[in-house]
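Here the structure comes first, spelled out in structure tokens, and everything after it is commentary.
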Amino acid sequence: MYITRKYEFVDEAEANKAIDLLRDEEGNLTQSIVKLGYIVKVAGEYDEEGNEVTAPVLSEKYAVDVSWSGEPHADWESAIVFPTPLGVHSFGSSSQRDEYAKTYCELFPDSEYCNPPEITEE
Amino acid sequence: MSLYSDASLVFLPRGGAGKDGKAYSMKPVPEYGNELVTNGGFDTDSDWNITSGTDANISNGKANFVNAAKGQRIQQNFSFTANKTYKVILEVSNYTSGILGFYMGGVYAFNNVSANGIYTYYVTPVNTAEVFLRAMQTGVSHNFSIDNVSVKEVVTPSADFDFSRGSNLTATRVDSNGLIEKGRENLLENSVWDGVSTDTKPTGWSNQFLSGTGTFDVTATEGQIRFQTLDASSRAFIYSPTITTNGIVVVSVYVDEVTTAIPLSYLLSRSGSATFLFAYEDGVEINYSDNVQAGKRYSVVFNKTASTTFRFGVGTSSGTLGDVVLSRPQIEIGLVATEWITSPVGSKGFAGILEDSPRFDYSGGASCPSLLLEPSRTNILEYSEYFEDSFYIKDSGVSATSNQIISPEGLQNGSLISVGSNGRLYANHTSGTYISSVFIKEGTFSHFKISGQNVDLTTSPISVGSLDFEDYGNGWYRIYGSYTGNRGFQIQAYPDNTYSSHTDSGNYYIYGAVIEEGSYPTSYIPNHSGGSVTRNAEENTTANISSVIGQQEGTFFLDFEFLDGATAENQNWIALESEDGQSRVLFYKSAATNDLRLLITADDIGVFSKSNLVAISPNTRYKVAVRYSSGEQGVAANGSMVGVNGTSTYTRTSLLSRVKFNESNIQPSCRVHQAIVFESGLTDSELETLTS
């Protein structure tokens with residue numbers, strides 16, 4: 001059983017410290033980790049050649065998603081965040097998406113995500 | 001002599017034998033001893049003892065825990081031997097709470113069962129003391145029943161691979177028909193509409209709405225609901241469970257009967273946060289406002305941005321009058337409805353690639369499959385099949401129309417790109433170094449600039465400049481190449497091979513775009529969301545099968561392809577090894593160069609190592625076999641001996657106990673065609689024959 005959890009760190013160095021806790025004796029990672037980095041809050045603008053005209057506005061925190069095979073590492077708990085499912089990234093797993101959405105709605109039962117609006121007529 | 005008949009372990013993906021969480025080996029055929037449990041079916045209240053509490057009983061053919069506290073046991077004593085392995089099977093039913101454990105000879109076979117099901121575990125007891133079922137959870141009442149308990153000694157173990165990936169929706173393979181197969185799910189719970197009675201909604205569905213003479217009920221056909229109104233102002237609807245999955249979804253339903261003029265938009269609607277995109281009748285695009293007809297399947301594509309409920313039934317404020325009979329509802333991600341998936345009460349339905357199913361892949365027109373083992377990859381391109389979305393920027397005169405042609409998936413979900421010039425279709429993304437790929441098929445135009453490279457689909461083979469390609473048949477090619485920057489997806493179309501600026505009108509088709517970090521393209525990663533998606537790496541190992549692996553002598557044969565074109569990653573370790581890693585017979589790619597290497601260790605002491613067995617290139621099949629016998633090691637590659645060592649003797653106490661295709665947590669990056677183990681050391685001649 002895998003579960004998705006999302007984390008934010010001060011910077012990449014802090015994230016790497018946490019990630020190093022998840023390496024085996026030979027230095028290989030034991031969990032599936034996706035470093036999202038500083039998430040784009042407002043998209044940048046680019047000219048026709050792809051050159052940046054206006055820089056994107058980035059989050060001040062460094063984001064990492066983990067697909068835990070088993071219980072999440074206790075030392076990661078302080079960095080956990082719960083953005084609205086499924087945020088800017090998700091693991092391609094039905095069970096992980098369901099578990100994250102269920103957990104989110106247990107934490108934020110009054111959120112719009114957990115309370116769909118009424119059906120409207122076409 | 002058939003070498004295969006002498007093998008103790010044979011894994012051949014050509015059988016395509018696997019299920020969620022298992023890849024089956026052809027040999028050994030497992031053998032088990034006699035049944036050790038008496039009255040495992042609980043036919044009578046005998047042979048078992050209720051101990052450590054009184055909140056359990058044997059009745060109605062089952063052992064029952066009833067509001068039992070932690071520690072409650074149901075116990076039976078029978079003879080068994082320490083340090084032998086036993087197979088334990090039992091069935092749990094009527095589960096509502098608590099955790100079940102099974103203890104045998106000083107260890108738990110399991111201590112985490114918390115749902116109905118049939119469970120199989122293996123246990124190696126450390127003593128010959130008691131055997132019991134036990135309530136495990138502190139402060140919780142345990143309520144469940146147990147039946148069909150079986151314990152047998154494992155005489156010859158199974159060498160099937162436990163397989164996990166934890167990804168279904170982003171994992172694909174090429175099936176035996178040469179088509180891309182995805183993981184599919186029916187997001188609707190209870191798509192068979194269980195629990196419906198007169199004006200009572202299906203079990204687990206969120207709501208129902210009736211007004212005036214509106215009513216609904218089951219029909220004589222299982223899974224159908226008849227919705228009815230007797231006047232033009234009445235309604236009868238049922239509402240789906242809340243669908244939390246966002247992105248592109250298709251909602252479909254079969255209209256089996258209809259006696260009124262009801263528009264599709266009334267029969268099938270939704271709450272807010274789901275923008276209507278397209279509507280189809282048996283796959284043919286219609287207006288959402290068109291009336292439905294009997295005997296047709298209707299599907300509506302939405303772009304969902306928040307949680308949504310969907311509504312099925314009859315009646316509107318503008319009025320309809322009559323009956324409609326519906327069945328087989330489905331909500332799935334993607335642009336087109338696929339074959340209906342049954343989902344039971346309380347669960348979604350699943351089909352195709354499952355989260356932990358091994359991928360037996362037929363890429364490249366292979367007649368026999370290989371076991372595809374890939375590292376984790378993330379597709380950062382949003383809406384990888386929906387090019388109409390504004391994420392994909394179209395220069396003036398460029399437009400995209402979805403679902404216009406049969407794609408490499410075999411579905412009508414390829415997009416038509418129409419152009420009136422050499423204007424671009426492109427997407428901006430986070431800057432970096434990536435592998436970019438897209439499936440493309442010629443329309444009236446056959447010449448393109450893709451990521452700046454000239455691509456000509458009229459030559460044989462096609463010409464792609466510095467890019468590379470894979471032929472998917474039916475005119476479809478997957479074009480891919482490395483890219484550094486923030487615009488890895490960019491296509492321009494041309495009428496001829498001058499690739500000159502033009503104002504001609506023309507078109508072409510595309511499907512399935514991916515931008516992923518790495519040195520080579522992995523299998524297609526579908527993304528129907530407005531974010532990025534990840535497919536996890538595959539993990540696999542056999543259980544402890546030391547009894548069918550030679551310890552002081554033996555042979556390990558591997559027939560595989562290497563997928564990675566880079567030299568500094570994915571060492572692709574494939575091994576016979578001990579649980580503690582002290583003993584290894586390991587094939588691996590050098591991190592520095594593309595040569596295949598061999599390492600044999602016994603109790604953490606090097607026995608024999610050999611580099612440059614063969615220079616390996618991506619997507620090329622190699623056969624290697626090693627004789628790892630004490631005092632007589634030898635290794636052959638592709639029909640020739642490439643190394644021998646007659647001096648190293650050893651006595652191995654840390655037993656080789658498993659085969660693993662991603663040893664030491666190194667993410668795999670290969671295709672396995674065969675993996676075979678012999679308990680004896682084959683001769684040089686036999687190694688050469690085996691690897692020819």
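A compact table of results
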{"quantity": "Some residue of the stretch B:574-581 being touching a Pro at 6+ places or on another chain (Cβ under 9 Å) and either within 14 Å of another protein chain (Cβ to nearest Cβ) or under 21 Å from B:D471 (Cα atoms) (or both)", "calculated": "no"}
{"quantity": "Residues satisfying the stated conditions in the stretch B:610-645, i.e. of a type in the set (A, V, I, L, M, F, W, C) and in a strand (DSSP E or B)", "calculated": "B:L613, B:V614, B:A615, B:V624, B:A625, B:V626, B:V635, B:A636, B:A637, B:M641, B:V642, B:V644"}
{"quantity": "Selection from the stretch B:157-213 of residues that are among the small types (G, A, S), within 14 Å of chain A (Cβ to nearest Cβ) and crowded, with 23+ Cβ neighbours inside 10 Å", "calculated": "B:G166, B:S167, B:A171, B:G183"}
{"quantity": "Residue among B:S529, B:S505 that alone is over 23 Å from B:D361 (Cβ atoms), surrounded by 23 or more Cβ atoms within 10 Å (Cβ to Cβ) and either within 14 Å of another protein chain (Cβ to nearest Cβ) or not basic (K, R) (or both)", "calculated": "B:S529"}
{"quantity": "Qualifying residue in the stretch A:45-58 (condition: more than 9 Å from chain B (Cβ to nearest Cβ), within 16 Å of the chain's Cα centre (by Cα) and without any contact (Cβ under 8 Å) to a residue 40 or more places away in the chain)", "calculated": "yes"}
{"quantity": "Matching residues in the stretch B:610-632 - criterion: being of a type in the set (S, T, Y) and either over 30 Å from B:S363 (Cβ atoms) or buried (at least 18 other Cβ atoms within 10 Å of the Cβ) (or both)", "calculated": "B:Y622, B:Y628, B:S629, B:S630"}
{"quantity": "Matching residues, the stretch A:65-78, being of a type in the set (G, A, S) and at the interface with chain B (Cβ under 9 Å from one of its Cβ atoms)", "calculated": "A:S67, A:S69"}
{"quantity": "Members of the stretch A:3-35 found to be closer than 14 Å to A:S67 by Cα and facing chain B (nearest Cβ under 8 Å), listed by number", "calculated": "A:L29, A:T30, A:S32, A:V34"}
{"quantity": "Whichever residue in the stretch B:242-270 is surrounded by fewer than 21 Cβ atoms within 10 Å (Cβ to Cβ), at the interface with chain A (Cβ under 10 Å from one of its Cβ atoms) and among the hydroxyl-bearing types (S, T, Y) and, among such residues, is farthest from the chain's Cα centre (by Cα)", "calculated": "B:S265"}
{"quantity": "In the stretch A:79-122, the residues that are farther than 20 Å from B:I331 by Cα and within 7 Å of chain B (Cβ to nearest Cβ)", "calculated": "A:G87, A:V88, A:H89, A:E112"}
{"quantity": "The lone exception for B:D496 - which of (1) within 13 Å of chain A (Cβ to nearest Cβ); (2) farther than 30 Å from B:T691 by Cα; (3) more than 27 Å from the chain's Cα centre (by Cα) it fails", "calculated": "(1)"}
{"quantity": "Selection from the stretch B:471-502 of residues that are surrounded by 21 or more Cβ atoms within 10 Å (Cβ to Cβ), modelled with pLDDT of 95 or more and in contact with a His (Cβ under 8 Å, 6 or more places away or on another chain)", "calculated": "B:F489, B:A493, B:Y494"}
{"quantity": "Among (1) within 13 Å of chain B (Cβ to nearest Cβ); (2) in contact with an Asp or Glu (Cβ under 9 Å, 6 or more places away or on another chain); (3) of a type in the set (K, R), the one test that A:K61 misses", "calculated": "(1)"}
{"quantity": "Enumerated strands (runs of 3 or more DSSP E) restricted to the stretch A:25-122, each holding at least 3 residues that are surrounded by 15 or more Cβ atoms within 10 Å (Cβ to Cβ)", "calculated": "A:32-42, A:57-69, A:89-91"}
{"quantity": "Segments classed as strands (runs of 3 or more DSSP E), wholly inside the stretch B:506-609, with at least 3 members that are modelled with pLDDT of 90 or more", "calculated": "B:506-516, B:532-535, B:555-562, B:574-577, B:584-589, B:595-602"}
{"quantity": "Selection from the stretch B:51-69 of residues that are β-branched (V, I, T) and modelled with pLDDT under 95", "calculated": "B:T51, B:T54"}
{"quantity": "Wholly enclosed strands (runs of 3 or more DSSP E) of the stretch B:271-380 bearing at least 1 residues more than 11 Å from chain A (Cβ to nearest Cβ) and over 30 Å from A:L29 (Cβ atoms)", "calculated": "B:274-281, B:284-286, B:296-304, B:310-314, B:322-333, B:349-352"}
{"quantity": "Residue check for B:I405: of a type in the set (A, V, I, L, M, F, W, C) and within 13 Å of another protein chain (Cβ to nearest Cβ)", "calculated": "no"}
{"quantity": "Number of the condition not met by A:A74 [criteria: (1) farther than 30 Å from B:Y426 by Cβ; (2) touching a residue at least 24 places away in the same chain (Cβ under 8 Å); (3) among the aliphatic types (A, V, I, L, M)]", "calculated": "(2)"}
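Rundown of residues vs (1) in contact with a Leu (Cβ under 9 Å, 6 or more places away or on another chain); (2) farther than 20 Å from B:D20 by Cβ; (3) of a type in the set (K, R); (4) free of Cβ contacts under 8 Å to residues at least 40 places away in the same chain, yes/no style:
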residue: B:Y511; (1), (2), (3), (4): no, yes, no, no
residue: B:V514; (1), (2), (3), (4): yes, yes, no, no
residue: B:Y520; (1), (2), (3), (4): yes, yes, no, no
residue: B:G531; (1), (2), (3), (4): yes, yes, no, no
residue: B:N536; (1), (2), (3), (4): no, no, no, no
residue: B:T542; (1), (2), (3), (4): yes, no, no, no
residue: B:S546; (1), (2), (3), (4): yes, yes, no, no
residue: B:Q552; (1), (2), (3), (4): no, yes, no, no
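The values are calculated or read from the model by the stated rules, or taken from the named source; none is laboratory data. Computed from a predicted model, the values in this text were never measured in an experiment. Every residue, glycine as well, gets a Cβ built from its backbone with ideal geometry; the counts of neighbours run over all protein chains shown.
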